[in-house]
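Just so it is clear, none of the values below were taken in a lab; they were calculated from the coordinates. Values in this document were obtained by computation on a predicted structure and should not be read as measured data. Note: ideal-geometry Cβ built from the backbone for every residue, glycine included; neighbour counts use all protein chains shown.
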Amino acid sequence: MKSVLEGVAYIHEKSIIHRDLKPENILLESDKADCTDVKIVDFGLSAVFNLRQGKAATEKAGTLLYMAPEQVTKSNYAKKVDMWACGIIMYQLLTKGQHPCYSKGEGCEAYIRKLNEIDQKPIQWKFPSNFSPLAQDLFLKLCSWPSNKRYDA
């Protein structure tokens, strides 16, 4: 995750929001056993942001299961949507692909409803036993709500 976060920090320094971070858009160098050389790809949905000029993105773009609540609700958002996606990816890496708040067969509508109602009903995250307290803390800071409480890269 460190290498992914470093890559995200780099694109954020360039004023780019990826908006579609997911495992399929993270490539690993094939001859590196430690998986530290990663490439973030597929910038087709990315956007340039400039909050100093009052420009935040509002369009719903990306893959639903990796979208932050502010993307799903089409609220103003910026680079911290990528951090939410990093949290979801981290959770999946530590749970062999499970999503922290979506179960297969649940239907996308239920997931959208969870994110739309996050102000009234905060998500109750569940962690398997292999999640260390440090991993839980990092995940919770990557997937904090509201987004101003979320870590940046």
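Fully extended, how many nm does the chain gain between residue 27 and residue 45 (0.36 nm per residue separation, minus their Cα-Cα distance)? Could the numbers behind the result be given before it?
Numbers: separation 18, 0.36 × 18 = 6.48 nm, distance 1.73 nm.
Extra length available between residue 27 and residue 45 comes to 4.7 nm.
Run the helix sum for the chain: -39,500 (n - 2.57) per DSSP H stretch of 4+ residues, divided by residue count, reported at 222 nm to the nearest 500 deg cm²/dmol.
Calculated from helices alone, the mean residue ellipticity at 222 nm is -9500 deg cm²/dmol.
For residue 57, list long-range residues whose amide hydrogen, built 1.01 Å from N in the peptide plane, is under 5 Å from its own amide hydrogen.
77
If neighbour count is taken as other Cβ atoms inside 10 Å, put 43, 139, 49 in order from fewest to most.
Sorted ascending by nearby Cβ count, the order is 43, 49, 139.
Rounded to whole Hz and in sequence order, give me ³J(HN,Hα) for region 79-90 from the Karplus expression 6.51 cos²θ - 1.76 cosθ + 1.60, θ = phi - 60°, writing x for Gly and Pro.
Taking θ as phi minus 60°, the curve returns 5, 5, 5, 5, 5, 4, 4, 4, x, 5, 4, 4 Hz for region 79-90.
Taking 0.36 nm per intervening residue step and subtracting the Cα-Cα distance, what contour gain separates residue 145 from residue 58 on full extension?
Net length gain for the segment: 29.6 nm.
Suppose each label sits 7 Å from its Cα in the direction of the beta carbon; what would the residue 14-residue 127 distance come out to in nanometres?
Here the answer is 3.4 nm between the modelled labels.
So for region 2-149, taking the charge dipole from beta-carbon charges (+1 Lys/Arg, -1 Asp/Glu), which of 61, 47, 75 sits furthest toward the positive end?
It is 75.
Determine, for 82, 42, 119, the number of other Cβ atoms within 10 Å of each Cβ, and report the residues in order from fewest to most.
Ranking 82, 42, 119 by Cβ neighbours within 10 Å, fewest first, gives 119, 42, 82.
Which of 19, 150 comes first, and how do the rest follow, when ranked by fewest Cβ neighbours within 10 Å? Display every interim value, and only then the final one.
Numbers: 19 25, 150 22.
Fewest to most other Cβ atoms nearby, the residues stand as 150, 19.
Of 91, 66, 102, which has the largest mean-square fluctuation in a 10 Å C-alpha GNM of the chain?
Taking springs between Cα atoms under 10 Å, the residue moving most is 102.
For region 2-149, give the magnitude of the charge dipole about the Cα centre (Cβ charges: +1 Lys/Arg, -1 Asp/Glu; no others), in debye to the nearest 20.
So the dipole magnitude of region 2-149 works out to roughly 440 debye.
Express in % the proportion of alpha carbon pairs of region 2-149 at distances exceeding 17 Å.
Numbers: 6791 of 10878 pairs.
Beyond 17 Å sits 62 percent of the P(r) for region 2-149.
If you plug each phi of region 66-77 into the Karplus form 6.51 cos²θ - 1.76 cosθ + 1.60 with θ = phi - 60°, what whole-Hz ³J(HN,Hα) values come out, in order, with x for Gly and Pro?
10, 6, 6, x, 5, 6, 4, 8, 6, 7, 4, 8
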